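These notes concern the structure reproduced below.
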Amino acid sequence: VGGTFLKGAAVDAAGEVGARLHEPVARDGARDLLGQLADAVRRLEGDRPAVGVGIGLPGIVERDTGRLRAAPNVPALDGLLVGEEVARRTGRPCVIENDANAAALAEAWRGAGRGGRYVLVVTVGTGIGGGLVFNGRVWRGHSGYAGEIGHVQAQPEGEPCGCGSRGCVETVAGIGGWVRRARARSESRPSILRGREFDPEVIVAAAREGDAVALEVVDEAAAALGVGIAAALQLFNLDRVVIGGGIAAAGAFLLDRVAAQTQARVFPHVFADCTFAAATLGNEAGVVGAARVAMLAFSGAAEPAPVA
Ligand SMILES: [Zn+2]
(Lines give C-alpha, C1' and ligand atoms only; values in the text may rest on other atoms or scores of the structure.)
Protein backbone atom coordinates (compact mmCIF):
# COMPACT_ATOMS: atom_id res chain seq x y z
CA VAL A 1 0.00 0.00 0.00
CA GLY A 2 1.48 3.30 -1.06
CA GLY A 3 0.26 6.85 -0.68
CA THR A 4 -1.30 6.73 -4.15
CA PHE A 5 -1.53 3.16 -5.40
CA LEU A 6 -2.44 -0.24 -4.07
CA LYS A 7 -0.45 -3.04 -5.70
CA GLY A 8 -1.16 -6.68 -5.00
CA ALA A 9 -0.13 -10.09 -6.21
CA ALA A 10 -0.70 -13.77 -5.56
CA VAL A 11 2.75 -15.24 -4.88
CA ASP A 12 3.53 -18.93 -4.51
CA ALA A 13 6.07 -20.59 -2.21
CA ALA A 14 8.76 -20.37 -4.90
CA GLY A 15 8.25 -16.61 -5.28
CA GLU A 16 6.45 -16.91 -8.63
CA VAL A 17 3.90 -14.17 -9.18
CA GLY A 18 0.44 -15.14 -10.45
CA ALA A 19 -2.55 -12.79 -10.42
CA ARG A 20 -1.80 -9.09 -9.92
CA LEU A 21 -3.69 -5.90 -9.30
CA HIS A 22 -2.76 -2.23 -9.41
CA GLU A 23 -5.31 0.46 -8.55
CA PRO A 24 -5.67 3.82 -6.84
CA VAL A 25 -5.88 3.68 -3.04
CA ALA A 26 -9.35 4.33 -1.59
CA ARG A 27 -9.22 7.75 0.01
CA ASP A 28 -12.41 7.92 2.07
CA GLY A 29 -11.05 6.81 5.42
CA ALA A 30 -10.09 3.63 7.19
CA ARG A 31 -13.32 1.69 6.56
CA ASP A 32 -13.04 2.15 2.82
CA LEU A 33 -9.36 1.33 2.62
CA LEU A 34 -9.65 -1.77 4.83
CA GLY A 35 -12.63 -2.86 2.70
CA GLN A 36 -10.56 -2.35 -0.44
CA LEU A 37 -7.73 -4.45 1.01
CA ALA A 38 -10.10 -7.30 1.90
CA ASP A 39 -11.67 -7.13 -1.53
CA ALA A 40 -8.22 -7.17 -3.17
CA VAL A 41 -7.36 -10.36 -1.25
CA ARG A 42 -10.54 -12.06 -2.50
CA ARG A 43 -9.90 -11.05 -6.11
CA LEU A 44 -6.28 -12.22 -6.01
CA GLU A 45 -7.26 -15.53 -4.45
CA GLY A 46 -9.75 -16.46 -7.14
CA ASP A 47 -10.52 -20.10 -6.41
CA ARG A 48 -7.19 -20.73 -4.64
CA PRO A 49 -7.48 -19.62 -1.00
CA ALA A 50 -4.39 -17.86 0.36
CA VAL A 51 -2.35 -19.47 3.13
CA GLY A 52 -1.82 -16.00 4.50
CA VAL A 53 -1.77 -12.32 3.63
CA GLY A 54 1.19 -9.97 3.93
CA ILE A 55 0.81 -6.21 3.55
CA GLY A 56 3.69 -3.75 3.09
CA LEU A 57 2.95 -0.25 4.39
CA PRO A 58 4.86 3.06 4.44
CA GLY A 59 5.17 3.26 8.22
CA ILE A 60 6.67 1.57 11.23
CA VAL A 61 5.07 -1.60 12.54
CA GLU A 62 5.10 -1.64 16.34
CA ARG A 63 6.83 -4.84 17.20
CA ASP A 64 4.80 -6.10 20.16
CA THR A 65 1.33 -5.11 19.02
CA GLY A 66 1.50 -5.07 15.20
CA ARG A 67 0.09 -1.54 15.26
CA LEU A 68 1.00 0.76 12.35
CA ARG A 69 2.81 3.95 13.43
CA ALA A 70 4.48 6.93 11.76
CA ALA A 71 2.57 6.51 8.49
CA PRO A 72 1.88 10.02 7.16
CA ASN A 73 1.38 8.72 3.60
CA VAL A 74 -1.52 6.46 4.63
CA PRO A 75 -3.08 8.59 7.38
CA ALA A 76 -6.32 6.56 7.37
CA LEU A 77 -4.47 3.49 8.67
CA ASP A 78 -2.03 5.25 11.02
CA GLY A 79 -2.43 3.84 14.53
CA LEU A 80 -4.56 0.85 13.48
CA LEU A 81 -4.03 -2.89 13.86
CA VAL A 82 -4.19 -3.29 10.09
CA GLY A 83 -3.31 -6.99 10.12
CA GLU A 84 -6.09 -7.86 12.57
CA GLU A 85 -8.61 -5.77 10.66
CA VAL A 86 -7.85 -7.42 7.32
CA ALA A 87 -7.76 -10.89 8.92
CA ARG A 88 -11.23 -10.29 10.39
CA ARG A 89 -12.60 -9.20 7.01
CA THR A 90 -11.03 -12.00 4.95
CA GLY A 91 -10.81 -14.96 7.32
CA ARG A 92 -7.11 -15.27 6.40
CA PRO A 93 -4.20 -14.74 8.77
CA CYS A 94 -2.60 -11.41 7.96
CA VAL A 95 0.66 -9.73 8.91
CA ILE A 96 1.97 -6.25 8.08
CA GLU A 97 5.50 -5.03 7.48
CA ASN A 98 7.27 -1.75 6.71
CA ASP A 99 7.44 -1.38 2.92
CA ALA A 100 11.23 -0.89 2.71
CA ASN A 101 11.72 -3.98 4.88
CA ALA A 102 9.37 -5.97 2.64
CA ALA A 103 11.27 -4.89 -0.49
CA ALA A 104 14.58 -5.76 1.19
CA LEU A 105 13.29 -9.20 2.15
CA ALA A 106 12.24 -9.83 -1.45
CA GLU A 107 15.63 -8.84 -2.86
CA ALA A 108 17.39 -11.00 -0.28
CA TRP A 109 15.11 -13.96 -1.02
CA ARG A 110 14.67 -13.86 -4.79
CA GLY A 111 16.62 -10.89 -6.10
CA ALA A 112 20.14 -9.45 -6.04
CA GLY A 113 20.66 -10.41 -2.39
CA ARG A 114 20.10 -14.10 -3.03
CA GLY A 115 22.79 -16.20 -1.40
CA GLY A 116 23.78 -13.41 0.99
CA ARG A 117 23.48 -14.00 4.74
CA TYR A 118 23.84 -10.42 5.98
CA VAL A 119 22.13 -8.23 3.43
CA LEU A 120 21.43 -4.49 3.32
CA VAL A 121 19.01 -3.23 0.69
CA VAL A 122 18.97 0.53 0.03
CA THR A 123 16.11 1.93 -2.03
CA VAL A 124 16.77 5.32 -3.59
CA GLY A 125 13.66 7.32 -4.42
CA THR A 126 12.10 10.50 -3.07
CA GLY A 127 13.18 9.04 0.24
CA ILE A 128 15.99 6.62 0.96
CA GLY A 129 14.61 3.35 2.30
CA GLY A 130 16.73 0.74 3.98
CA GLY A 131 16.21 -2.80 5.15
CA LEU A 132 18.47 -5.32 6.85
CA VAL A 133 17.90 -9.01 6.20
CA PHE A 134 19.96 -11.42 8.26
CA ASN A 135 19.67 -15.15 7.53
CA GLY A 136 16.51 -14.66 5.53
CA ARG A 137 14.69 -12.61 8.18
CA VAL A 138 14.13 -8.89 8.48
CA TRP A 139 16.21 -7.40 11.30
CA ARG A 140 13.75 -4.93 12.84
CA GLY A 141 15.61 -3.87 15.94
CA HIS A 142 14.03 -3.31 19.34
CA SER A 143 10.97 -1.34 18.24
CA GLY A 144 10.92 -1.69 14.45
CA TYR A 145 13.07 1.26 13.36
CA ALA A 146 16.24 -0.60 12.34
CA GLY A 147 17.66 -0.09 8.86
CA GLU A 148 16.69 3.58 8.42
CA ILE A 149 19.88 4.33 6.53
CA GLY A 150 18.34 7.41 4.88
CA HIS A 151 18.62 9.20 8.22
CA VAL A 152 22.25 8.50 8.97
CA GLN A 153 23.92 11.92 8.97
CA ALA A 154 26.15 12.41 5.92
CA GLN A 155 26.70 16.19 6.16
CA PRO A 156 26.71 17.64 9.71
CA GLU A 157 26.06 21.15 8.39
CA GLY A 158 23.74 20.02 5.61
CA GLU A 159 20.12 20.77 4.66
CA PRO A 160 17.40 20.29 7.28
CA CYS A 161 15.67 16.91 7.01
CA GLY A 162 12.01 16.07 7.58
CA CYS A 163 13.06 13.89 10.52
CA GLY A 164 14.30 16.92 12.50
CA SER A 165 18.00 16.36 11.90
CA ARG A 166 20.10 17.85 9.09
CA GLY A 167 22.33 16.56 6.32
CA CYS A 168 20.77 13.07 6.41
CA VAL A 169 21.74 10.75 3.54
CA GLU A 170 18.22 11.30 2.22
CA THR A 171 18.64 15.08 1.93
CA VAL A 172 21.63 14.58 -0.40
CA ALA A 173 20.92 11.29 -2.20
CA GLY A 174 17.10 11.35 -2.31
CA ILE A 175 15.68 12.51 -5.64
CA GLY A 176 14.81 15.93 -4.16
CA GLY A 177 18.49 16.47 -3.33
CA TRP A 178 19.61 15.58 -6.86
CA VAL A 179 17.12 17.96 -8.41
CA ARG A 180 17.78 20.82 -5.99
CA ARG A 181 21.54 20.77 -6.56
CA ALA A 182 21.30 20.27 -10.31
CA ARG A 183 18.92 23.21 -10.67
CA ALA A 184 20.89 25.62 -8.47
CA ARG A 185 24.29 24.85 -10.00
CA SER A 186 23.23 24.73 -13.64
CA GLU A 187 21.86 28.27 -13.23
CA SER A 188 25.23 29.74 -12.28
CA ARG A 189 27.63 27.52 -14.24
CA PRO A 190 27.86 26.16 -17.78
CA SER A 191 26.00 22.83 -17.96
CA ILE A 192 23.98 20.89 -20.51
CA LEU A 193 21.43 20.54 -17.70
CA ARG A 194 20.41 24.20 -17.92
CA GLY A 195 16.76 24.51 -18.89
CA ARG A 196 16.24 20.74 -18.85
CA GLU A 197 13.63 18.74 -17.00
CA PHE A 198 15.52 17.56 -13.93
CA ASP A 199 15.29 13.97 -12.90
CA PRO A 200 18.03 11.57 -11.84
CA GLU A 201 17.98 9.76 -15.19
CA VAL A 202 18.69 13.01 -17.08
CA ILE A 203 21.36 13.96 -14.55
CA VAL A 204 23.09 10.56 -14.82
CA ALA A 205 22.98 10.75 -18.62
CA ALA A 206 24.60 14.22 -18.50
CA ALA A 207 27.23 12.98 -16.06
CA ARG A 208 28.06 10.12 -18.43
CA GLU A 209 28.68 12.71 -21.12
CA GLY A 210 31.14 14.43 -18.80
CA ASP A 211 29.03 17.41 -17.72
CA ALA A 212 30.86 18.80 -14.68
CA VAL A 213 27.76 19.95 -12.80
CA ALA A 214 25.95 16.64 -13.34
CA LEU A 215 29.02 14.68 -12.33
CA GLU A 216 29.25 16.69 -9.13
CA VAL A 217 25.60 15.97 -8.30
CA VAL A 218 26.07 12.24 -8.90
CA ASP A 219 29.30 12.11 -6.92
CA GLU A 220 27.76 13.91 -3.94
CA ALA A 221 24.83 11.49 -3.91
CA ALA A 222 27.26 8.57 -4.14
CA ALA A 223 29.35 10.02 -1.29
CA ALA A 224 26.29 10.42 0.96
CA LEU A 225 25.18 6.86 0.21
CA GLY A 226 28.75 5.75 0.87
CA VAL A 227 28.69 7.35 4.33
CA GLY A 228 25.45 5.56 5.24
CA ILE A 229 26.47 2.20 3.81
CA ALA A 230 29.92 2.41 5.41
CA ALA A 231 28.27 2.88 8.81
CA ALA A 232 26.15 -0.24 8.24
CA LEU A 233 29.11 -2.22 6.90
CA GLN A 234 31.38 -1.32 9.77
CA LEU A 235 28.67 -2.14 12.34
CA PHE A 236 27.32 -5.35 10.81
CA ASN A 237 30.09 -6.78 8.59
CA LEU A 238 27.58 -7.39 5.77
CA ASP A 239 28.25 -9.71 2.83
CA ARG A 240 25.84 -8.05 0.36
CA VAL A 241 24.66 -4.52 -0.36
CA VAL A 242 21.85 -4.10 -2.87
CA ILE A 243 20.93 -0.70 -4.34
CA GLY A 244 17.40 -0.35 -5.70
CA GLY A 245 14.79 2.22 -6.63
CA GLY A 246 14.41 4.00 -9.96
CA ILE A 247 18.03 5.08 -9.85
CA ALA A 248 19.21 1.45 -9.91
CA ALA A 249 18.71 1.78 -13.68
CA ALA A 250 21.87 3.94 -13.70
CA GLY A 251 23.64 0.61 -13.18
CA ALA A 252 27.40 0.40 -12.75
CA PHE A 253 27.87 4.13 -13.30
CA LEU A 254 26.32 4.86 -9.89
CA LEU A 255 26.97 1.53 -8.18
CA ASP A 256 30.75 1.71 -8.73
CA ARG A 257 30.83 5.24 -7.31
CA VAL A 258 28.82 4.23 -4.24
CA ALA A 259 31.11 1.22 -3.70
CA ALA A 260 34.23 3.40 -4.00
CA GLN A 261 32.82 5.95 -1.53
CA THR A 262 32.05 3.12 0.88
CA GLN A 263 35.48 1.55 0.46
CA ALA A 264 37.15 4.80 1.49
CA ARG A 265 35.38 4.63 4.88
CA VAL A 266 35.62 1.04 6.14
CA PHE A 267 38.23 -1.56 7.08
CA PRO A 268 39.70 -3.07 3.88
CA HIS A 269 38.61 -6.60 4.86
CA VAL A 270 35.09 -5.48 5.63
CA PHE A 271 34.84 -3.98 2.14
CA ALA A 272 36.55 -6.89 0.38
CA ASP A 273 34.11 -9.40 1.92
CA CYS A 274 31.05 -7.54 0.69
CA THR A 275 29.47 -7.63 -2.80
CA PHE A 276 27.58 -4.64 -4.23
CA ALA A 277 24.72 -5.30 -6.64
CA ALA A 278 21.86 -3.45 -8.33
CA ALA A 279 18.37 -4.61 -7.32
CA THR A 280 16.74 -6.95 -9.82
CA LEU A 281 13.08 -7.17 -8.78
CA GLY A 282 12.11 -3.57 -9.58
CA ASN A 283 8.47 -2.78 -8.81
CA GLU A 284 7.80 -6.38 -7.91
CA ALA A 285 9.92 -6.25 -4.73
CA GLY A 286 7.14 -4.79 -2.58
CA VAL A 287 4.51 -7.43 -3.26
CA VAL A 288 6.93 -10.38 -3.31
CA GLY A 289 8.43 -9.22 -0.01
CA ALA A 290 5.03 -8.74 1.63
CA ALA A 291 4.09 -12.26 0.54
CA ARG A 292 7.35 -13.61 1.93
CA VAL A 293 6.59 -12.01 5.31
CA ALA A 294 3.28 -13.91 5.34
CA MET A 295 5.01 -17.14 4.26
CA LEU A 296 7.50 -16.91 7.11
CA ALA A 297 4.69 -16.13 9.55
CA PHE A 298 2.05 -18.65 8.51
CA SER A 299 3.10 -21.38 6.11
CA GLY A 300 5.77 -23.10 8.15
CA ALA A 301 8.22 -22.26 5.34
CA ALA A 302 11.65 -23.71 6.05
CA GLU A 303 12.77 -21.86 9.13
CA PRO A 304 16.06 -20.03 8.46
CA ALA A 305 18.86 -20.66 10.93
CA PRO A 306 18.92 -18.26 13.88
CA VAL A 307 21.07 -15.16 13.45
CA ALA A 308 24.62 -15.90 14.50
ZN1 LIG B 1 16.59 12.65 8.43
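The values are calculated or read from the model by the stated rules, or taken from the named source; none is laboratory data. Just so it is clear, the model here is predicted, and its values are computed rather than measured. Note: ideal-geometry Cβ built from the backbone for every residue, glycine included; neighbour counts use all protein chains shown. Surface areas here come from the heavy atoms of the whole protein model, side chains and all, with no ligands, DNA or RNA. Shrake-Rupley method; radii C 1.70, N 1.55, O 1.52, S 1.80 Å.
Worth a mention:
- Here the chain was treated as a single set of alpha-carbon atoms; its pair distances binned every 20 Å from 0 give 33, 55, 12, 0 percent.
- 5 angstrom amide H check on Phe276, placed H, neighbours 5+ away: Val241
- Local charge for Ala71 was computed over the other residues whose Cβ lies under 13 Å away, with Lys and Arg +1 and Asp and Glu -1, and equals -2.
- The angle between the Cα long axis of helix 285-298 and the longest principal axis of the Cα atoms of the chain comes to about 40 degrees, rounded to the nearest 10.
- Accessible area per residue (1.4 Å probe, heavy atoms of protein chains only) ranks Thr90, Thr65 as Thr65, Thr90, with the largest value leading.
- For the range 212-218, Karplus couplings with θ = phi - 60° (6.51, -1.76, 1.60), whole Hz, Gly/Pro x: 5, 5, 4, 4, 4, 4, 5
- Taking Lys and Arg as +1 and Asp and Glu as -1, the other residues whose beta-carbon sits under 13 Å from that of Ala279 total +1.
- Projecting the Cα positions of Phe5, Met295, Thr123 onto the charge dipole of the chain (unit charges on Cβ atoms of Lys, Arg, Asp and Glu, taken about the Cα centre) puts Met295 furthest along the positive direction.
- Remark on Val11: its backbone amide H falls under 5 Å from those of Gly18, a criterion applied only to residues 5 or more positions apart or on other chains, H modelled at 1.01 Å from N.
- Angle between the chain longest axis and helix 252-263 axis [Cα atoms, degrees, rounded to 10]: 80
- Distant-in-sequence amide H partners of Gly158 (H built 1.01 Å from N, under 5 Å): Gly167
- Counted by Cβ distance under 13 Å from Cys168, the other residues give a net charge of -3, where Lys and Arg count +1 and Asp and Glu count -1.
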